[in-house]
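Novice: Just dropping this structure here.
The values are calculated or read from the model by the stated rules, or taken from the named source; none is laboratory data. Computed from a prediction, not measured in an experiment: that's the story for all the values here. Positions of Cβ are backbone-derived with ideal geometry, glycine not excepted, and every protein chain shown enters the neighbour counts.
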Amino acid sequence: MRAHALIVAAGAGQRAGDGPPKPYRALAGRSVLSRTLAAFARHPGIDRLRVVIRASDAALYGAAARGFEDRLDPPVTGGAERQESVRLGLEAMAADGLCGPPELVLIHDAARPFLPAAVIDRTLAALGDGARGACAALPAVDTLRRAEDALCGELVDRAGLWRAQTPQAFRFDAILGAHRDLANVAVTDDAELARRAGIAVRLIDGAPENLKLTTPADFAFAETWARGAEGAAASPVPRIGHGYDVHKFGENADGSSDHVMLCGVAVPHETGLLGHSDADVGLHALTDAVLGAVADGDIGAHFPPSEAVWRGASSDRFLAHAVGLVGARGGRLTHLDVTLICERPKIRPHVAAMRARIAAIAGVPESAVSVKATTSEGLGFTGRREGIAATATATVLL
Ligand code: MG
């Protein structure tokens, strides 16, 4: 069934203190109305949106509506009271010559910007289930008490009491008829008007965050809420990359054969490692792990062995470059872990120096760098002492 949202933004909002009218106040940099529009615009069950505004707010409305043009019908100028504003909005929908009135309408206060999609879901589900009206509401949980001259007066039994929110949703023809018939009966919401017109309105669960911004204190709370919600949405996602490399024992690219470069440290050995660069198998695996975490190819793509400039190159440049790519994406490298696989040379005496060197190259604390070593029990090419293999992982927050 075609469902449209009618958003009421025509109130003066006199309790909200100084500043622009309530719907146009900014919360964490975005206006209340823009947030409310977004709640409906991104819901797949809502076809069109229309807003009832005050004539004097037209310019403010234009700014708040930016980005929603494809879903918004032209705004309607409201009346002196909310009830009249809603009726004028419904009449405009009824008179829409282009696509005609919707079958369902969700009437919502612009001043409730944190409407969760789940409440719209429940509202539409109730109408789809045959209800002629549905009202978002929350059961009263606080102890209710009448005030008597600012003193605690008698308790009010809260059993069966609900606090009505919006959206309040109806079969379009039914609520339009109620507004026309009862235009002279003053009520505070559409559920009450519907009830008086004999329309059964089903209570559905609202949401605590769907609060109506009324007082300066409400706006202060909403500002914090909006910042918190958006901060959480923007919180970084951990990504883990993996790398693997092998180099064969032989003469180093610089002609020496008295050491191997491992994790940035020259480790004395009876032979070097063959390779185009310094053949630092540990830094190569780490570089690929970092590139993997940002899904940006591999070391061979960034530093082609065919390019003479990398001949004999110190591999710290490769790792530093990969870490720089993380930063360029707004990410942060948080952990590196490398395992060297060989029978000889013995790695353990060099682990501390390797951790310090990797930490310095990658710009992370040593506590975020792990260097491990294992033999392969005499099996395979590493077991036959033909070369050294390394595996590595890198953790990045993006
Ligand atoms: Mg390599």
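Novice: Can you tell me which residues in region 259-274 are outside any loop (DSSP other than H, G, I, E, B) and either more than 13 Å from the ligand (Cβ to nearest atom) or more than 17 Å from GLY312 (Cα to Cα) (or both)? Show your work before the answer.
Specialist: Let us first name the residues in region 259-274 that are outside any loop (DSSP other than H, G, I, E, B), namely 259-262, 265-268, 272-273.
If the condition is that a residue be outside any loop (DSSP other than H, G, I, E, B) and either more than 13 Å from the ligand (Cβ to nearest atom) or more than 17 Å from GLY312 (Cα to Cα) (or both), then HIS259, VAL265, ALA266, VAL267, PRO268, GLY272 are the ones that fit.
Novice: Restricting the search to region 17-30, which residues are over 18 Å from the mean Cα position of the chain (by Cα) and closer than 18 Å to ALA58 by Cα?
Specialist: Those that are over 18 Å from the mean Cα position of the chain (by Cα) and closer than 18 Å to ALA58 by Cα: GLY19, PRO20, PRO21, LYS22, PRO23, TYR24, ARG25, ALA26.
Novice: Taking the options ALA58, ALA118, ALA65, ALA80, name whichever one is within 20 Å of PRO23 (Cα to Cα) and under 24 Å from the mean Cα position of the chain (by Cα).
Specialist: Exactly one residue qualifies, and that residue is ALA65.
Novice: Determine if region 275-292 includes at least one residue that is farther than 28 Å from THR395 by Cβ, surrounded by fewer than 24 Cβ atoms within 10 Å (Cβ to Cβ) and near the ligand (Cβ under 10 Å from one of its atoms).
Specialist: The answer is yes; a qualifying residue exists.
Novice: Name the single residue that is nearest to ASP278 (Cα to Cα) among those in region 299-311 being loosely packed, with under 15 Cβ neighbours inside 10 Å and either within 11 Å of the ligand (Cβ to nearest atom) or at pLDDT below 90 (or both). Spell out the reasoning first.
Specialist: Taking region 299-311 and keeping what is loosely packed, with under 15 Cβ neighbours inside 10 Å, we get 300-301, 304-309, 311.
Right, trim to either within 11 Å of the ligand (Cβ to nearest atom) or at pLDDT below 90 (or both) and you get 300, 304-309, 311.
Values: GLY300: 14, PRO304: 14, PRO305: 12, SER306: 15, GLU307: 14, ALA308: 13, VAL309: 12, ARG311: 8 Å.
Checked region 299-311; the qualifying residue nearest to ASP278 (Cα to Cα) is ARG311.
Novice: So which of LEU291, LEU340, LEU319, LEU286 ends up being part of a helix (DSSP H, G or I), at pLDDT 95 or above, touching a helix residue (DSSP H, G or I) at 6+ places or on another chain (Cβ under 6 Å) and within 26 Å of GLU270 (Cα to Cα)?
Specialist: Details: LEU291 fails: within 26 Å of GLU270 (Cα to Cα); LEU340 fails: part of a helix (DSSP H, G or I); LEU319 fails: within 26 Å of GLU270 (Cα to Cα).
Step by step, each of LEU291, LEU340, LEU319, LEU286 is checked, and only LEU286 is part of a helix (DSSP H, G or I), at pLDDT 95 or above, touching a helix residue (DSSP H, G or I) at 6+ places or on another chain (Cβ under 6 Å) and within 26 Å of GLU270 (Cα to Cα).
Novice: Taking ALA220 as meeting all but one of (1) within 16 Å of the ligand (Cβ to nearest atom); (2) within 30 Å of GLY19 (Cα to Cα); (3) not β-branched (Val, Ile, Thr), write down the number of the exception.
Specialist: Answer for ALA220: the failing condition is (1).
Novice: Provide a single number: the residues in region 22-55 that are assigned to a strand (DSSP E or B) and surrounded by fewer than 19 Cβ atoms within 10 Å (Cβ to Cβ).
Specialist: So the count comes out to 2.
Novice: With respect to GLU251, determine if the residue is within 16 Å of the ligand (Cβ to nearest atom), in contact with a strand residue (DSSP E or B) (Cβ under 9 Å, 6 or more places away or on another chain), farther than 19 Å from VAL8 by Cα and not small (Gly, Ala, Ser).
Specialist: yes
Novice: Do you know which residues across region 312-325 are more than 10 Å from THR287 (Cβ to Cβ) and within 14 Å of the ligand (Cβ to nearest atom)?
Specialist: Once the filter is applied, which keeps residues that are more than 10 Å from THR287 (Cβ to Cβ) and within 14 Å of the ligand (Cβ to nearest atom), region 312-325 yields GLY312, ALA313, SER314.
Novice: Among the listed residues ALA12, ALA58, which satisfies the condition of being over 23 Å from GLY128 (Cα atoms) and in a loop (DSSP other than H, G, I, E, B)?
Specialist: ALA12 is the lone residue from the list that is over 23 Å from GLY128 (Cα atoms) and in a loop (DSSP other than H, G, I, E, B).
Novice: Okay, moving on. Determine which member of the set VAL237, VAL246, VAL187, VAL141 is farther than 30 Å from SER31 by Cβ, in contact (Cβ under 8 Å) with a residue 60 or more places away in the chain and either surrounded by fewer than 19 Cβ atoms within 10 Å (Cβ to Cβ) or more than 16 Å from the ligand (Cβ to nearest atom) (or both).
Specialist: Exactly one residue qualifies, and that residue is VAL246.
Novice: Report yes if ALA373 is more than 24 Å from GLY255 (Cβ to Cβ), away from the ligand (no atom under 16 Å from the Cβ), in contact (Cβ under 8 Å) with a residue 12 or more places away in the chain and not in a helix (DSSP H, G or I), otherwise no.
Specialist: It is true that ALA373 is more than 24 Å from GLY255 (Cβ to Cβ), away from the ligand (no atom under 16 Å from the Cβ), in contact (Cβ under 8 Å) with a residue 12 or more places away in the chain and not in a helix (DSSP H, G or I).
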